[in-house]
1. In nanometres, what is the gap between the two model label sites at residue B:190 and residue B:337, each 7 Å from Cα along Cα-to-Cβ?
2. Compute the angle between helix A:262-274 and the longest alpha-carbon principal axis of chain A, please, reported from 0 to 90 degrees and rounded to the nearest 10.
3. Given a Förster radius of 25 Å and the C-beta distance between residue A:386 and residue A:290 as r, what FRET efficiency does 1/(1 + (r/R0)^6) yield to the nearest 0.05?
4. Calculate the all-directions average of the projected area of region B:58-98's alpha-carbon convex hull, and give it in nm².
5. How many nanometers, to one decimal and shortest first, lie between the label point of residue A:279 and those of its other copies, if labels sit 7 Å from Cα toward Cβ?
6. Cα convex hull of region A:81-207: how many Å³ per residue?
7. Restrict the search to region A:113-213; then list the GluC sites (Glu not before Pro) that DSSP places in a loop and that have at most 15 other Cβ atoms within 10 Å of their Cβ.
8. For the protein assembly as shown, take the convex hull of the Cα atoms, compute a quarter of its surface area, and give me that in nm², please.
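Nothing in this text is a laboratory measurement; each read-out follows from the coordinates by a stated rule. Keep in mind that what you see is a predicted model, and the values were worked out from it rather than measured. A quick note on method: Cβ atoms are made from the backbone with ideal geometry, for glycine too, and the neighbour counts reach across all protein chains shown.
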There are 2 protein chains.
Amino acid sequence: MVASEIRALFAVASRPEVVSLAGGMPYVSALPLDEFGGMVGELIARNGAEALQYASAQGDPRLREQICDVMALEGVQACADDVVVTVGAQQALDLITRIFVNPGDVVLAEGPSYVGALGTFASYQADVVHVAMDEGGLIPEALEETLVRLRREGRTVKFLYTVPTFQNPAGVTLTAARRTRLLELAAEYDILIIEDNPYGLLGFDDEPMRALRADDSERVIYLGTFSKTIASGLRVGWALAPHAVRAKLVLAAESAVLCHSSFSQLAVREYLSTQPWREQIKEFRLLYRERRDAMLDALDTLMPEGCTWTRPGGGFFVWLTLPEGLDAKAMAPRAIAERVAYVPGTGFYADGNGRRDMRISYCYPEPDRIREGVRRLAGVIENELRTLDTFGGVGHRRSSGVDTPGPEVF
Amino acid sequence: MVASEIRALFAVASRPEVVSLAGGMPYVSALPLDEFGGMVGELIARNGAEALQYASAQGDPRLREQICDVMALEGVQACADDVVVTVGAQQALDLITRIFVNPGDVVLAEGPSYVGALGTFASYQADVVHVAMDEGGLIPEALEETLVRLRREGRTVKFLYTVPTFQNPAGVTLTAARRTRLLELAAEYDILIIEDNPYGLLGFDDEPMRALRADDSERVIYLGTFSKTIASGLRVGWALAPHAVRAKLVLAAESAVLCHSSFSQLAVREYLSTQPWREQIKEFRLLYRERRDAMLDALDTLMPEGCTWTRPGGGFFVWLTLPEGLDAKAMAPRAIAERVAYVPGTGFYADGNGRRDMRISYCYPEPDRIREGVRRLAGVIENELRTLDTFGGVGHRRSSGVDTPGPEVF
């Protein structure tokens, strides 16, 4: 499948009769939309001269203070002057890559990793090297082996990109002990860490994990976003960076978009000032936990033997691995025919891995739809297994070419 | 003055006692803010699930149709599928430069040219070559001479960047005859034209000029924005590009920011659907015309002999040239001390030209403040002339180093 075919696939997947476990869209309808609308309307009427005007390239000063309060929930102590507001965390990722990466430089990333990051790294011709992960997140020993090998090969490693908490796409979380070890390795091998943390506050059980940035303010650039805790359509994210990097980020942001939207920034500022945002995040957590439970229950009950999957403690995603001999990408059109959609795993690797894997998300469909989607998916897999059993191989020929998912896959 | 000094200067310039003729901020307070707020509030309450959600990377389909209606006012016939919505026209400029320009490539631009474009070109290490202009805009003969010379030198010209109508910073407009000739030259020398047209609908006298894009859909990429016709804080701009370029733009936009804000896009869509936007533009035109008149009257009455300036037929800016021997950049701190601010001309050139020039804008201050600002500025210039007369030279020593204006200068 080439990119255009994947897009076509998603166009079909968005039909109402298809249960889409493919998208990563937050369930924004859970927000009190009347209140939100009233708040924004009043903001414009009262303060439109500011909310509709150009702003500074670094972002609204008061909002940057509020962002520091949000990060404090994960143990991060930061100063508003080191925060740059960006058009989603994606823009921060783009600007950081623009600043640091020359063509051919190595960027390390978990395998699998966030598709939007891989796309950005590719656009700057970075050479992505994946580091193995398991249920406890990135494996420090694998990281060290990779660093040693790359050093021996004389390669330049610009940074490690990681989503340590409730990872997209794998749904796993880096353990506390591994966080410590990761920071030690970063210091020892003198590498920068880009900590991308969109889901950190969406844990289902415990208090928020301590961010990597909480324990290293010089070697970690932290990326955050309100896309999942407030609303993705506002496109308000941020980077918290060491001072020297921050200055470069502001100049790069200015060159890229002049300044962020005051309209969006002030909506967030107002929301954080006047609305019960902590309680709203709690509601989101309960909502997504119910959906995660629905998905895991259905998987436990329905999936044929040989399938394995992760058990996320927060965030949006489960990573499912098919039995030996099956191919998630080749299977995708047949799943769509059975009215269920997922994202084939190869999109989350820069090196062609992930053929047996898929990302299935529980963030958007309601619990009953999730159960129905898993039921259909289990049927498709069983069918593939029967075909494999009968003919000794299925659909590998249909699975070739480029397969970057489109923008629908966040 | 280095960049940080310019920023410090602008910080002082924003004090209430200073008349700032420096900024390019539209006067958004002229919008009916209560209605705008009510409209947005209702939009969120009714359709928040869309307005607060991720969108496609190309931009909202209905908005792209409306954008075609807006461009039709300038004779442009376009299809919504060839429009990409961007974070202000600045993002379009950034993405286009990213797609086309390799380090060392030549980009042609009027001299003077828009400072935000020069910043973007510099960030991609383009080599900007300025082409002379006069009251009738870019001079075709100068363009042809430049093209011939560059061809002889074996240089690669990637595109001509032009603001043909009510130019920023010079306030001049390319004549109809020169538009025809410009398109002929573009075809003859096989170059692309980036037509940046933020002010096209803000003419004070006649019907809108016919856009370059209206007469060449293959060689012209048109950039537009709602920053001046609705509100800059929404950050909604666009590019209209030939089909092959459009596809690349969408991929680049996706990599840069995933997608534009639905919140902003749907606010614009709703505004264009439900509000009297043509009448509002007419109101903006009357408002800015009154301010342009106030500025030109004051200049005619108060400026000392030897100063010359342009007479804009629309837009936001007058370009003023000081008498021989004066230096606008060196004079800037002394003007601030006299409580008037402008942008020194050197920021609008990539080659160090513009020392005797300045941009003075009439878009934001009210007419009385404009007159007062010009009065103060005339006093400062007279003082400089007296000093020059007495000592034979003023302040040249103070005027060295980098001088890129900050984000305040749109």
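1. 5.7
2. 90
3. Efficiency at R0 = 25 Å is approximately 0.15.
4. Computed as one quarter of the Cα hull surface, the answer is 3.0 nm².
5. Those label-point separations list as 4.2 nm.
6. 117
7. A:135, A:153
8. Mean projected area of the Cα convex hull: 34.8 nm².
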